[in-house]
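Okay, so here's the structure we're looking at.
The values are calculated or read from the model by the stated rules, or taken from the named source; none is laboratory data. Keep in mind that this is a model prediction, so the values were computed, not measured. Don't worry about glycine lacking a Cβ; one is built from the backbone with ideal geometry, like all the others, and counts go over all protein chains shown.
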Amino acid sequence: MERSSSDKSGSGMVVTVTGSSGLVGRRLTELLRERGHTVRHLTRNRRRAASSRETFHWDPARDQIDAGSLQGADAIIHLAGENIARRRWSRRVKKRIAASRAGSTRLLYDTVMKSSSRVNHFITASATGIYGSQITSNIYDEADISEDEGDFLAITCKLWEESADLFRSSGIRSVKIRSGIVVAPRSGFTGKIAPVARLGFVPVMGSGENYLSWIHIDDICNIYLKALEDEEMSGPYNAVFHEHTTQKQFMECYAALLGSQVNTIHIPERLIRLVLGEMSTAVLGGSRISAEKLKSAGYQYLYPTMADALTDIINRRSGK
């Protein structure tokens, strides 16, 4: 059963959400409405925009947006961005991925500045990719940023957050949620693994010694709620599970919870690099990420351990 971490009643804000048709956006929309907020959506789908008074069209790639989506809005929650795992990272694909984040953020900023909207809060997605794909003994916190000029995801996240900082420099409270991989019952990271698990194995990519930064769908949505409603929050926050977990540990725990008939199988690093190309860095890399700033802000995780979180995912997928 899905739960909310906060008992605070909704304050009735008007919130414009981008990326609302995605995994996080769909669930977050439900929670926002349960909390008493009015939700507006920005979508690239013209038919969907025409079918609802609360849905507006935009096309960041063409620098197009219906400015009415921000009229009277108190806050923006910006989740939209090209799926980084949809296809191999050609030069064209990487350009689209970067533009869908930094470019769309600038479009929102320019629209707010040109309008008479009263937006006071800008909450944006970011990612732990900002710390780079290297495997080190470091535990990275929000003050750290990768300086590797060859790391595509780190560069993209940096540009993404620099665009978000335009809101802060204009006096609008800005919160950047650096999320890890989202796990959910029927989609997200575990959703992709589940069909393979039905064949009796769970894949470990390469050595599996890289750290996997992940977050339960319930937690990431409640973190966004807290970022919206807690005006003390500002700047970047790592939205990752509070236990440091290697990819191998995660996969072994998941396989064990599925039952004795499911085992892990190692996929050679060389094969992964051959199939995924540059994208393989996102699969094979990763160091530990600190969640201390988020916990210090008062966020309480919904699941005490990784096993608790994954048990919930498995049970909800099977309808229990």
Top-ranked residue in segment 23-68 [being part of a helix (DSSP H, G or I), at pLDDT 90 or above and among the charged types (D, E, K, R); ranked as farthest from the chain's Cα centre (by Cα)]: Arg62
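Let's see how each residue does on (1) acidic (Asp, Glu); (2) modelled with pLDDT of 90 or more; (3) under 20 Å from Leu294 (Cα atoms):
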| position | (1), (2), (3) |
| --- | --- |
| Glu147 | yes, no, no |
| Gly150 | no, no, no |
| Cys157 | no, yes, yes |
| Val175 | no, yes, yes |
| Arg178 | no, yes, yes |
Quick one: which helices (runs of 4 or more DSSP H) sit completely within segment 259-317 and have at least 1 residues that are surrounded by fewer than 16 Cβ atoms within 10 Å (Cβ to Cβ)? 269-276, 292-296, 306-317
Give the number of residues within segment 217-248 that are in contact (Cβ under 8 Å) with a residue 60 or more places away in the chain, surrounded by 17 or more Cβ atoms within 10 Å (Cβ to Cβ) and either among the hydroxyl-bearing types (Ser, Thr, Tyr) or in a helix (DSSP H, G or I) (or both). 15
Could you say whether any residue in segment 69-83 is part of a loop (DSSP other than H, G, I, E, B), farther than 26 Å from His242 by Cα, in contact (Cβ under 8 Å) with a residue 40 or more places away in the chain and among the hydroxyl-bearing types (Ser, Thr, Tyr)? no
For segment 243-265, which positions are of a type outside the set (D, E, K, R) and within 25 Å of Ser133 (Cβ to Cβ)? His244, Thr245, Thr246, Gln247, Gln249, Phe250, Met251, Cys253, Tyr254, Ala255, Thr264, Ile265
Answer yes if at least one residue in segment 265-283 is closer than 25 Å to Asn315 by Cα, out of contact with any Ser or Thr (no Cβ under 6 Å at 6 or more places or on another chain) and in contact (Cβ under 8 Å) with a residue 24 or more places away in the chain, and no otherwise. yes
List the residue pairs whose Cβ atoms are under 7 Å apart, where the first residue sits in segment 112-126 and is under 23 Å from Ile177 (Cβ atoms), the second is in a helix (DSSP H, G or I) and of a type in the set (D, E, K, R), and the two are 6 or more positions apart or on different chains. Ser126/Glu161
